[in-house]
1. Between TYR32 and HIS20, what is the label-point separation in nm under the 7 Å Cα-to-beta-carbon projection?
2. Quick check on packing: order 34-44, 4-14 by the mean number of other C-beta atoms within 10 Å, highest mean leading.
3. Where the centroid of each part is defined by its Cα atoms, how far is segment 76-99 from segment 1-32 in Å?
4. Given charges of +1 on the Cβ of Lys and Arg and -1 on the Cβ of Asp and Glu, with all other atoms neutral, how large is the dipole of segment 4-98 about its Cα centre, in debye to the nearest 20?
Amino acid sequence: MCVALGMKPGKVNPTPEIPHGIRYNLTLHNNYNRRIMGFDNAHAIKTRKSRGYKGRIITYDHIQQTPIDKGTPYEFTSAEQLLHDFLQRVNNILNNLDQ
């Protein structure tokens, strides 16, 4: 299987949505250019609903773990940690494909 990595980082002015000032989109694609997995903060996601009222929580930093995943919150700590987490997920996916 042929895969492609996409990385589009950029520095922006800090905002409530992007308080760390780094906009990013890190993705893994298959040989049909279909996104397999990705980390990004290009759009907001709603956290999963649970029973009872929890208020509205919207986060921008997230990971999409499968092609159909709507997004799971990701706790951004640093650019280095983000890259480490992304590459670790890529390695796990590629190792699972080899089996």
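1. 3.3
2. Highest-to-lowest ranking by the protection proxy: 34-44, 4-14.
3. 13
4. Dipole about the Cα centre, nearest 20: 540 debye.
Each value in this text was obtained by applying a stated rule to the coordinates, not by laboratory testing. Every value quoted in this text rests on a predicted model; they were computed, and no experiment measured them. Because the Cβ atoms are built from the backbone with ideal geometry, glycine has one as well, and the counts that use them run over all protein chains shown.
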